[in-house]
Amino acid sequence: MPEFATVPVSPLRISFDPATASVEPAGPVLTRRMSSLEGLFADQGEWKRAVEEDDPVVYTVSSSPVPEIDRELPQSITTIRPGACGGEFYMTKGHQHPNPQGEIYLGLTGVGGLLLFDGQRTEWIDMEPGVIGYIPPHWAHRSVNVGDEPYSFLAVYPGCAGHDYQWVLDHGMGARVLRAPSGYELVPYNSR
Ligand code: PAN
Ligand code: ZN
């Protein structure tokens, strides 16, 4: 018998319902409203106005039951609503993995992008259904919905990776993603 650090998870067949942004069997579901994105949008006045008006849901993260522990490979589906705050498209908080590990995203619905920042270089990967975005270890990552319908993607990452959100608050993401006549544009992080 192989040795497991904890109780092993059984093999799973997991289905995703885009209409409800849910997975079955379900694990933890996280709902991020505007109020939980403090300090992330450039236009803090618009952010505060949105929080006070109706504090909209910006994104949800529906995880499978696979736990975030060593040797396991958790998955989650993030669904970002369409919208913008002060012209900046709705986005995830963004984080770095303190135990540096690679991660893959697979686009499921809508159109979005994967913004990556290693502290010096900024990269952008256009995402749509069927596209795999690869996040190398050490790269902070944030997802952005640049369309007018929900953008959802599957994330798969090693359970030992951890999530550091303070890094993005301290270092930014290299670029911001704004509405533009052509759809969207990337501008330097501190330009507005
Ligand atoms: C994703 C993200 C998810 C939400 O599952 O955690 O898209 O983004 P934030 O965690 O930045 O709020 C992932 O990259 N996991 O490692
Ligand atoms: Zn990640």
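Mean residue ellipticity at 222 nm, helices only, the chain: -2000 deg cm²/dmol; runs of at least 4 DSSP H residues each add -39,500 (n - 2.57), and the sum is divided by the number of residues. Rolling a 1.4 Å probe over the protein heavy atoms of the stretch 47-142, with every protein chain left in place, gives an accessible area that is 51 percent carbon and sulfur. Placing +1 on the Cβ of each Lys and Arg and -1 on the Cβ of each Asp and Glu in the chain, which of Pro150, Gln120, Val58 has its Cα farthest towards the positive end of the resulting dipole? Selected residue: Gln120. The length gained on full extension between Ser35 and Glu123, counted as 0.36 nm times the residue separation minus their Cα-Cα distance, comes to 29.0 nm. A 1.4 Å probe run over the protein chains yields, for the stretch 45-192, 45 Å² of accessible area per residue, whole-number rounding.
Each Lys and Arg Cβ is given +1 and each Asp and Glu Cβ -1; about its Cα centre, the chain then shows a dipole of about 120 debye.
Legend: calculated FRET efficiency, Asp170 to Val131, from the Cβ-Cβ distance at R0 = 25 Å, rounded to 0.05, equals 0.25. Using the alpha-carbon positions of the chain, Rg (one decimal) and Dmax (whole number) come out as 16.7, 60 Å.
Between the helical axis of 44-53 and the longest alpha-carbon principal axis of the chain there is an angle of about 70 degrees. Stretching Ser191 away from Glu24 to a fully extended chain increases their span by 55.9 nm, per 0.36 nm per residue minus the current alpha-carbon distance.
Distance between the 7 Å Cα→Cβ label points at Asp43 and Ile14: 3.6 nm.
The values are calculated or read from the model by the stated rules, or taken from the named source; none is laboratory data. Treat the numbers as computed from the prediction; the structure is a model and nothing was measured. Don't worry about glycine lacking a Cβ; one is built from the backbone with ideal geometry, like all the others, and counts go over all protein chains shown. Each accessible area value is taken on the protein alone, full model and side chains, heavy atoms only, with ligands, DNA and RNA left out. Shrake-Rupley method; radii C 1.70, N 1.55, O 1.52, S 1.80 Å.
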